Amino acid sequence: VHGNVTASLNLERGSVLLPSLSDSFNRRFSYLRLSVTDRCQFQCNYCLPSGYAKSTDAQPELSLTEIQNGVAALADLGVQKVRLTGGEPLLRGDIVEIVHAVSRVPGIDEVAMTTNGVRFSVLASALREAGLHSVNISVDSLRPERFASICGRSSLSETLSAVELALSLGFKRVKVNAVLLRDINDDELPMYMQWIKDRPIVVRFIELMETADNREFFVKHHLSGADLMQKLSNAGWSPRSRNRLDGPAHEYFAPGYLGSVGVISAYSHGFCQSCNRVRLTSRGELRTCLFGEQTHSLRAWLKAPDQKAALQDEIRRHFLDKAPSHRLAERSYGNVRHLAEMGG
Ligand code: SAM
Ligand code: SF4
């Protein structure tokens, strides 16, 4: 059976009510991860160990108009939340305009961003005013030398200031991402706990994912998220109850702590069952699965708003071919070189 098309109807296209975007396994896709650039000034050892290199045959980045058209088409199909990511999204000169445009698309009720935080202090107020609701800042270590050796930049204090600023500006949610790395930062749980005792931050530990560019690194430094969940239980933290519509993070809380801890483990059983994500790369390619074998260029339909119906048909068609799950456990990561390409 191809999707439960009668269950949820969205905005009208002409006189026809549009069914939600869904796949053959009855999953609904309401969350767009939009990479606005694949450029980055960091060299995270698990992501871009040699730094950003422009590919010679790369298409130009999506323009503001193309982004607007893409988001509007997806919003009609039931997408309600958009995360702007990259590469480093704050390297886009027009990032404030992008936030402003995306947050005003009818049907979009949440705009979030994932960033390394470097340009955040300059842009934060304008982003908040433009309509950014929540922000995830990557902090892979709380120890300055380690942070520098992981990310290739001695800028932990700048990143921590970005987190404090986000808290003070009243963003709806402030989250911190840390990739869990065996023998690199796996002893830091107590430090993160201390840090979030009096701060309403969700720290999310992300299990390292294998890509074409980090194969050897992955073998050395992958650590199962289950190990961390065990440590959290041992330290008296309790898992929050989950339902089918929850994201991939397993969240833990403890009495006396304002913050909470999430564990995102792509290798755990059931990760794909609750998938609700659509991914669009900065070059206009649709990815129906983070670790899929294929990307589908939507560029031809993004240029003008009158292409919306054709764009929606194209997107729908590709989702009907979405596989039930990725095959990371078999060490198959599709055609992914690194996550800076499409924003994780
Ligand atoms: N540059 C921004 C940043 O680092 O927050 C946004 C883009 S980055 C690709 C998005 C998230 O993916 C970051 O939290 C990063 O740590 C995470 N990430 C990148 N490569 C990863 C990998 N191979 N495994 C797990 N997480 C990864
Ligand atoms: Fe850049 Fe983010 Fe990748 Fe680090 S994880 S290299 S900050 S895109």
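No lab work stands behind these numbers, since they all come straight from the coordinates. Being a predicted model, the structure only gives us computed values, none of them experimental. In this analysis, Cβ positions are derived from the backbone assuming ideal geometry, glycine residues included, and neighbour counts consider all displayed protein chains.
Observations on the model:
- Estimated [θ] at 222 nm from DSSP helical runs (n ≥ 4, -39500 (n - 2.57)) normalised by residues in the chain, nearest 500: -8000 deg cm²/dmol
- Working note: Karplus 6.51/-1.76/1.60 with θ = phi - 60° gives region 178-187 the couplings 9, 7, 7, 10, 4, 6, 10, 10, 6, 9 Hz, where Gly and Pro are set to x.
- CYS289 sits among other residues whose Cβ lies under 13 Å from its own Cβ, and their net charge, with Lys and Arg +1 and Asp and Glu -1, is +3.
- Region 192-344 - share of DSSP beta bridges that are antiparallel (%, nearest 5): 70 percent
- Antiparallel DSSP beta bridges within the chain, as percent of all bridges there, nearest 5: 30 percent
- The amide H of ARG83, built 1.01 Å from its N in the peptide plane, has LEU32, ARG33, LEU34, ALA112 as neighbours under 5 Å, considering only residues 5 or more places off or on other chains.
- Peptide ranges 31-38, 96-103, 173-180, 231-238 listed from the most packed, as the mean C-beta count within 10 angstrom indicates: 31-38, 173-180, 96-103, 231-238
- For VAL176, the residues whose amide H sits under 5 Å from its own are ILE137, VAL202, VAL203, ARG204, ignoring neighbours fewer than 5 places away on the same chain, with H placed 1.01 Å from N.
- Integer Hz, Karplus 6.51/-1.76/1.60 couplings in order for region 71-78, x for Gly and Pro: 5, 4, 5, 6, 4, 4, 8, x
- Relative to the compact-globule estimate of 2.2 N^0.38 Å, the Cα radius of gyration of region 208-344 comes out at 1.26.
- Coarse-grained scattering of region 241-321 at q = 0.11 Å⁻¹, given as base-10 log I(q)/I(0) from a Debye sum over alpha-carbon atoms: -0.46
- Taking 0.36 nm per residue of sequence separation and removing the Cα-Cα distance, the ASP306/LYS231 pair yields an extension gain of 21.7 nm.
- For SER297, residues with placed amide H under 5 Å, excluding near neighbours: LEU286
- Unpaired Cys in the chain, meaning no second Cys C-beta under 4.7 Å: CYS40, CYS151, CYS272, CYS275, CYS289.
- Taking a point 7 Å from the Cα of LYS54 along the Cα-to-Cβ direction, the residues of region 90-105 with backbone N closer than 20 Å to it are 90-95.
- Distance from region 271-311 to region 177-244 (C-alpha centre basis), Å: 29 Å
- Normalised per residue, the volume of the convex hull around the Cα set of the chain (Å³): 131 Å³
- Cα-projected label distance for GLU97 with GLN273, points at 7 Å along beta-carbon direction, nm: 4.5 nm
- If R0 is 45 Å, the Cβ-Cβ spacing of ARG146 and ARG317 corresponds to a FRET efficiency of close to 0.45.
- Pairs of lysine residues in the chain - Cα separation under 30 Å, sequence separation of 8 or more or cross-chain: 21
- Phi-derived couplings, Karplus 6.51 cos²θ - 1.76 cosθ + 1.60 at θ = phi - 60°, listed residue by residue for region 215-224: 4, 5, 4, 4, 4, 6, 10, 5, 9, 5 Hz, with x used for Gly and Pro.
- Burial order of peptide ranges 323-334, 141-152 (average beta-carbon count within 10 Å, highest first): 141-152, 323-334
- Nitroxide proxy distance, nm - points 7 Å out along Cα→Cβ at GLN294 and GLU158: 4.1 nm
- Note: relative contact order over region 29-88, using C-alpha pairs below 8 Å and six or more positions apart, is 66 percent.
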